[in-house]
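S.K.: Right, I'll just put the structure down here and ask away after.
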Amino acid sequence: MPAPEIEASLPKLRCRTVDSNVEREALRGNYSPVAARVIAARGLTSLRPIVRQLTPGLEALDDERLLADIDLAAERIAGAILSREVIGIATDYDMDGLGAHAVLRLALVQVFGQPAQYVRSYIGHRLSEGYGLTAALTERVLADPHRPAVLVTADFGSTDESTIARLQAAGIDVVVTDHHELPEGGPPVAAYACVNPKRADCQYPDKAIAGGMVAWLLLKAVRQVLVNVGHLTAPQAALDELLDFVACSTVADCVSMASANNRAVVIAGLARMNTLRRPCWQAMADLLQLRTLRSESIAYGIAPRINARTRLDDPFASLQFLLAADATSAAAALQVLESANQARKQIEETMIAEVLSRAARQVSSGSHAITLLLPNGHPGVQGICSSRLVEAFGRPVFLFSPHSADSRTLIGSARSIDGVDVKRLLLRVQRSAPAVMQRFGGHAAAAGAQVRVKDFATFAALFEEAARESIATEMLGPVRSSDGDLDLRLASANLIDELDALEPTGRGFEPAAFDGALRVLSVRTIGDQTHLRLELQQGDTKVNAVWFRARRANAPLPVAPGDHAHFVYSIVKDQFNGRSRIELRIRARVQPPAILSSVPAVVSSLEVPITAQPTALRVQRRLAKPWRSRVSRAR
């Protein structure tokens with residue numbers, strides 16, 4: 001669901017840029033004009049068939065042998081299997097890490113035949129141990145009476161040289177699998193192998209894959225070693241059956257869905273999820289009341305529940321749900337996750353209410369970034385709150401709360417806007433003051449840091465300085481993207497099916513969204529009173545709409561009957577009592593695009609970004625090119 005419209009200025013409207021060559025190819029491929037415009041704004045190329053780019057098969061995957069260190073890593077893990085050595089799995093606590101954990105554990109035991117007692121699972125505790133292969137998690141590995149000979153990480157490890165060296169000194173070979181940025185010094189030298197596509201010396205062409213996929217690609221290489229030595233005859237299909245977890249890792253971690261590799265594994269993974277053979281997916285589909293699980297089901301239904309438990313408590317409950325052996329245990333585990341998700345929502349609402357006015361004051365003072373300390377904040381929820389503030393205020397946000405185990409230390413979670421790499425901002429801070437952060441890590445869109453309470457003010461000033469040096473003023477402020485105006489007379493069930501077939505969607509390949517000025521005929525609250533049901537009108541066409549999280553609890557309604565408001569929305573089929581009707585899902589109310597008062601009020605077409613041309617030139621071109629019959633309308 002969209003984030004709530006927090007007390008901030010209305011977002012600016014940005015129309016996505018259309019590649020006319022791709023649009024022509026899509027039209028030749030029998031896509032409708034509306035769908036062709038959407039496809040042509042998703043970064044595809046006209047040099048390859050559109051269908052192959054939209055729905056690549058697993059045969060299109062880049063060769064995993066191009067990953068640096070993959071042969072070394074595969075041979076060590078295969079050797080441990082052949083020698084019956086204990087293998088440890090250490091992963092992050094979010095959906096990407098837990099998906100990778102499930103893939104690694106099931107592959108080792110069910111595909112490669114490693115006895116379950118020779119596989120040990122370690123997951124960092126978000127609140128007490130923090131992110132990565134921390135000292136606390138390392139000590140837990142070393143204290144295990146069944147200490148592993150090989151430890152495989154997933155979704156972290158690239159920056160954990162000191163703890164990897166500690167494990168190496170104790171006789172444990174550490175195989176890192178990760179997808180995060182590496183430190184300037186390169187991969188950890190103490191690691192037996194480091195498989196990470198972002199290594200400077202790595203020839204694997206796709207740098208946008210998630211941690212779960214890196215782990216799965218390593219398992220493909222392990223399988224090949226075991227086949228070569230005659231230990232294994234299991235077909236590749238046995239590993240392919242684990243792509244449901246890889247799909248969840250990929251969608252949940254917001255890596256680019258324009259990547260052919262990511263699209264291929266998500267398509268294959270969703271197909272396996274929708275067989276509902278795995279008890280966890282049957283339980284989740286029942287809870288969400290869904291007939292079909294899609295990428296948005298992962299992003300807004302599955303991942304939040306997996307992550308909610310790990311934000312507040314022991315992460316193993318989430319892993320137990322994913323690995324549940326039967327329907328009864330899956331349903332019971334899911335109830336634990338659902339309870340945690342409801343608690344997370346309450347904490348989030350309280351934190352947002354506390355931080356809103358403070359964030360607005362920083363914006364009013366001209367800050368390029370928002371950096372705040374919440375003395376009563378929850379470290380496990382501040383990342384979500386940072387995302388809400390990014391959407392509301394359109395600049396990087398870093399929220400800090402006290403460490404649950406050390407009152408002298410603060411834990412912070414950052415989120416960023418498109419085009420601003422928050423990890424690079426942190427590297428600038430480090431160069432300015434190497435000692436101000438005890439730990440930090442992450443990637444372009446999200447990062448985390450640990451600082452001492454006494455250093456917070458210094459850190460906040462340095463982070464703001466880095467933001468000012470990196471972000472042009474015109475990049476600041478909330479923005480919502482659109483595929484342009486849509487004549488709602490074209491909003492048919494067939495069009496919705498055509499747009500749905502562009503799945504999977506996600507970061508870098510967003511679902512179709514349109515914008516337009518609509519008259520509000522009626523509005524009422526539904527659910528917990530933060531959601532709205534509206535009746536809207538465009539010309540002679542009336543349509544129902546739902547606006548999830550349109551306001552905070554008890555806040556004034558954002559629109560009233562009689563208003564003319566400019567909305568960004570998607571179109572869906574609403575199923576109720578066995579009947580289907582077309583409905584809008586409001587994503588945001590936005591600033592209307594400027595139109596010259598001296599010419600008729602004509603909608604901009606789907607051709608150009610709103611800000612790409614002077615208004616007069618936009619209108620002249622629009623009037624000269626009558627797209628009205630295809631995708632837009634005159635008001």
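S.K.: Checking the conditions here, which among Ser121, Ser128, Ser162 is touching a Phe, Trp or Tyr at 6+ places or on another chain (Cβ under 9 Å) and surrounded by fewer than 19 Cβ atoms within 10 Å (Cβ to Cβ)? I'd like the intermediate steps shown before the answer.
M.R.: Values: Ser128 fails: touching a Phe, Trp or Tyr at 6+ places or on another chain (Cβ under 9 Å); Ser162 fails: touching a Phe, Trp or Tyr at 6+ places or on another chain (Cβ under 9 Å).
Just a single option satisfies the conditions, and that option is Ser121.
S.K.: Residues being part of a loop (DSSP other than H, G, I, E, B), under 27 Å from the mean Cα position of the chain (by Cα) and not acidic (Asp, Glu): count how many of those fall in region 83-109.
M.R.: Keep residues of region 83-109 that are part of a loop (DSSP other than H, G, I, E, B), which gives 83-86, 92-94.
Checking the rest, the ones that are also under 27 Å from the mean Cα position of the chain (by Cα) come to 92-94.
Right, trim to not acidic (Asp, Glu) and you get 93.
Here the count works out to 1.
S.K.: If I filter region 47-70 down to residues being among the acidic types (Asp, Glu) and surrounded by fewer than 19 Cβ atoms within 10 Å (Cβ to Cβ), which single residue comes out as nearest to Ala271 (Cα to Cα)?
M.R.: Taking region 47-70 first, the residues among the acidic types (Asp, Glu) are 59, 62-64, 69.
So of that shortlist, the ones also surrounded by fewer than 19 Cβ atoms within 10 Å (Cβ to Cβ) come out as 59, 62-63.
On the way: Glu59: 16, Asp62: 21, Asp63: 22 Å.
That would be Glu59.
S.K.: Going through region 454-476 one residue at a time, which ones are farther than 20 Å from Leu427 by Cα and touching a Ser or Thr at 6+ places or on another chain (Cβ under 7 Å)?
M.R.: Selection gives nothing.
S.K.: Check Ser522 against each of (1) part of a helix (DSSP H, G or I); (2) over 27 Å from the mean Cα position of the chain (by Cα) and name the one condition it does not meet.
M.R.: Of (1) part of a helix (DSSP H, G or I); (2) over 27 Å from the mean Cα position of the chain (by Cα), only one is false for Ser522: (1).
S.K.: Could you tell me whether Cys202 is modelled with pLDDT of 95 or more and in contact with a Pro (Cβ under 7 Å, 6 or more places away or on another chain)?
M.R.: Details: modelled with pLDDT of 95 or more: yes; in contact with a Pro (Cβ under 7 Å, 6 or more places away or on another chain): no.
Criteria not met by Cys202.
S.K.: Shifting gears a bit: When you look at Ala550, is it at pLDDT below 95, part of a loop (DSSP other than H, G, I, E, B), surrounded by 20 or more Cβ atoms within 10 Å (Cβ to Cβ) and not charged (D, E, K, R), yes or no?
M.R.: When the stated conditions are applied, Ala550 passes them.
S.K.: Related question: Is there a residue being among the acidic types (Asp, Glu) and within 20 Å of the chain's Cα centre (by Cα) anywhere in region 309-318?
M.R.: Let us first name the residues in region 309-318 that are among the acidic types (Asp, Glu), namely 313-314.
Now narrow it down to the ones that are within 20 Å of the chain's Cα centre (by Cα): none.
Taking every residue of region 309-318 in turn, none turns out to be among the acidic types (Asp, Glu) and within 20 Å of the chain's Cα centre (by Cα).
S.K.: From the list Leu410, Leu374, exactly one residue is surrounded by 23 or more Cβ atoms within 10 Å (Cβ to Cβ) and not basic (Lys, Arg). Which is it? Please lay out each step first, then the result.
M.R.: Numbers: Leu374 fails: surrounded by 23 or more Cβ atoms within 10 Å (Cβ to Cβ).
Sole residue among the options that is surrounded by 23 or more Cβ atoms within 10 Å (Cβ to Cβ) and not basic (Lys, Arg): Leu410.
One line per residue, one yes/no per condition, for (1) assigned to a helix (DSSP H, G or I); (2) in the same structural domain as Val109 (by TED's automatic domain parsing); (3) over 30 Å from the mean Cα position of the chain (by Cα); (4) at pLDDT below 95:
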| position | (1), (2), (3), (4) |
| --- | --- |
| Thr138 | yes, yes, no, no |
| Arg147 | no, yes, yes, no |
| Ala165 | yes, yes, yes, no |
| Asp206 | no, yes, no, no |
| Ala238 | yes, yes, no, yes |
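S.K.: Inspect region 71-89 for any residue being among the charged types (D, E, K, R), at pLDDT below 95 and closer than 24 Å to Val265 by Cβ and give the result as yes or no.
M.R.: At the first step, the residues of region 71-89 found to be among the charged types (D, E, K, R) are 71, 75-76, 84-85.
If we keep only those that are at pLDDT below 95 too, we end up with none.
No, there is no match, as no residue in region 71-89 is among the charged types (D, E, K, R), at pLDDT below 95 and closer than 24 Å to Val265 by Cβ.
S.K.: Among the numbered conditions (1) among the polar types (S, T, N, Q); (2) more than 25 Å from Thr250 (Cβ to Cβ); (3) out of contact with any strand residue (DSSP E or B) (no Cβ under 7 Å at 6 or more places or on another chain), tell me where Thr505 comes up short.
M.R.: Answer for Thr505: the failing condition is (2).
S.K.: Additional query: Looking only at region 244-299, how many residues end up being among the aromatic types (Phe, Trp, Tyr) and more than 19 Å from Glu64 (Cα to Cα)?
M.R.: Of the residues in region 244-299, the ones among the aromatic types (Phe, Trp, Tyr) are 245, 281.
If we keep only those that are more than 19 Å from Glu64 (Cα to Cα) too, we end up with 281.
Of the residues in region 244-299, 1 are among the aromatic types (Phe, Trp, Tyr) and more than 19 Å from Glu64 (Cα to Cα).
S.K.: Among what's in region 399-424 and is of a type in the set (A, V, I, L, M, F, W, C) and part of a strand (DSSP E or B), pick the residue that is farthest from Ser386 (Cα to Cα). I'd like the intermediate steps shown before the answer.
M.R.: From region 399-424, those of a type in the set (A, V, I, L, M, F, W, C) are 399-400, 405, 410-411, 414, 417, 420, 422; that's our starting set.
Next cut, part of a strand (DSSP E or B) only: 399-400, 410-411, 414.
Details: Leu399: 6, Phe400: 10, Leu410: 15, Ile411: 13, Ala414: 6 Å.
Per the criteria, the residue is Leu410.
S.K.: So Arg105 fits all but one of (1) within 30 Å of Gly230 (Cα to Cα); (2) surrounded by fewer than 21 Cβ atoms within 10 Å (Cβ to Cβ); (3) of a type in the set (Lys, Arg); what number is the exception?
M.R.: Here Arg105 meets the rest and fails (2).
S.K.: Among the candidates Arg533, Arg618, Arg585, Arg581, single out the residue that is closer than 15 Å to Ser482 by Cβ, outside any loop (DSSP other than H, G, I, E, B) and at pLDDT 50 or above.
M.R.: Working: Arg533 fails: closer than 15 Å to Ser482 by Cβ; Arg618 fails: at pLDDT 50 or above; Arg581 fails: closer than 15 Å to Ser482 by Cβ.
After ruling out the rest, the residue left standing is Arg585.
The values are calculated or read from the model by the stated rules, or taken from the named source; none is laboratory data. Treat the numbers as computed from the prediction; the structure is a model and nothing was measured. Using ideal geometry, Cβ is built from the backbone for each residue, glycine included, and neighbour counts are taken over all protein chains shown.
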